[in-house]
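Worksheet for the structure shown next.
The values are calculated or read from the model by the stated rules, or taken from the named source; none is laboratory data. Remember, predicted model here, so these are calculated numbers, not experimental data. When we count neighbours, we look across all protein chains shown, and the Cβ atoms used for this are built from the backbone with ideal geometry, even at glycine. Remember, those area values only see protein heavy atoms, side chains included, never the ligands or the DNA or RNA. Shrake-Rupley method; radii C 1.70, N 1.55, O 1.52, S 1.80 Å.
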Amino acid sequence: MLLLTRTLALIAAMTFSAIAVAGPEGWIREGWKTDFSRSSVQFDEIVSGGPPRDGIPSIDDPKFVGASEVKDIEDREPVIQFGLGDDVRAYPLRVLTWHEIANDVVGGAPVAVTYCPLCNAAIVFDRRVTGRVLEFGTTGKLRHSDLVMYDRQTESWWQQFTGEAIVGELAGENLKLLPSRIVSFGAFRAAYPRGPVLVPNDPGFRDYGRNPYTSYDTATAPFLFGGELPENIPAMAHVVVVRTEGKPIIVSLEKIRADGFEQDGYRIAFEAGVASALDHSTIAKGREIGTVRVTKNGR
């Protein structure tokens, strides 16, 4: 926890010293060619997270190995399981923690597999927008403690948590969200022994398997979050969000763990055996956090 506190304090100091130049004028000096005349949010909500543009490098040429051949990922480590048709792949959080975005093609469709450690938000998007295929990178900015992505075609900025373009030529456009799950690597390997698993292009590039956000899972508040904190639930509590045709269903993971949840044909069930990626300095040793399975009318 001490290491995390010192690291975040240093980044926060760097960030707050840069707030005075935050906004279009400062961003243009950084080299951005974004159309800042188009925005759906207040610019003062966007702050530097510390790294510069692409300082957290996206994976643009992903490399995969069959699940049964992977030897350095322990069974309880979390992976994003995503598939289209018969093409089902695993994207370990031990890799995405250090890259946050993987631009990939799955089942013939261009997709962006994204993970924001500060929100513990693992979301997959279709990269096709307005008739073109986009490629995404990291801006180095945060909004409400969430990753702000950018596309390299127009340099528009996108909110990772929602998939909405918030600044630039494509402001107001929305990426299509694609269903994915967090599961244990052991569960993925048992179901898909030949399934492709994302591995680092250069295993020595980062300390893969280490969690640079030690104890963040049990911190009191999200990093660089300026909004109001909830009164009846810890700010860092895990919640499950199910997007529906109407209002989203939002339930705490603890409630699902204890009682399960059913509403309007939706059923959310808890499944054990998955480590938190944001607890121990070694992801495989993280506390039990589990995962969920969501079905609608039994499907």
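Structure values in brief
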quantity: Length-normalised contact order for the stretch 24-296 - Cα pairs under 8 Å, 6+ apart - percent; calculated: 21 percent
quantity: Asp259-Glu271 pseudo-label distance in nm [points 7 Å out on the Cα-to-Cβ vector]; calculated: 2.4 nm
quantity: Estimated inter-spin distance, Asp35 and Thr162, nm [label 7 Å along Cα→Cβ]; calculated: 1.9 nm
quantity: Overall form of the stretch 187-299 per C-alpha gyration tensor (a/c, 1.5; a/b vs b/c); calculated: oblate
quantity: Tilt relative to the chain, helix 2-18 - C-alpha long axis, 0 to 90 degrees, to 10; calculated: 30 degrees
quantity: Ellipticity estimate at 222 nm from DSSP helix runs (n ≥ 4, -39,500 (n - 2.57)) divided over the chain, nearest 500; calculated: -4000 deg cm²/dmol
quantity: Carbon + sulfur, % of accessible area of the stretch 24-296 - ligands and nucleic acids excluded, 1.4 Å; calculated: 48 percent
quantity: Neighbour net charge for Asp151 - beta-carbon separation under 11 angstrom, K R +1, D E -1; calculated: -1
quantity: Alpha carbon centroid spacing (whole Å) that separates the stretch 165-195 from the stretch 232-294; calculated: 17 Å
quantity: Among the listed pairs Lys141/Lys285; Lys71/Lys285; Lys33/Lys141, those beyond 19 Å (Cα-Cα); calculated: Lys141/Lys285
quantity: Per-peptide average of other Cβ atoms within 10 Å, ordering 185-195, 158-168 highest first; calculated: 158-168, 185-195
quantity: Residue among Val148, Val95, Val241 with the largest mean-square fluctuation in a Gaussian network model of the chain, springs linking Cα atoms under 10 Å; calculated: Val241
quantity: Range of Cα positions in the chain per principal axis (Å), largest first; calculated: 52, 46, 43
quantity: The chain: antiparallel DSSP beta bridges as a percent of all, rounded to 5; calculated: 95 percent
quantity: Cα→Cβ-extended label distance, 7 Å offset, between Asp44 and Asp60, nm; calculated: 3.6 nm
quantity: Modelled label reach - Asn201, point 7 Å along Cα→Cβ, the stretch 62-92 residues with backbone N closer than 11 Å; calculated: 62-63
quantity: Solvent exposure of the stretch 24-296 as accessible area per residue, Å², 1.4 Å probe; calculated: 46 Å²
quantity: Anisotropy class of the stretch 63-208 from Cα gyration tensor, a/c 1.5 cut; calculated: prolate
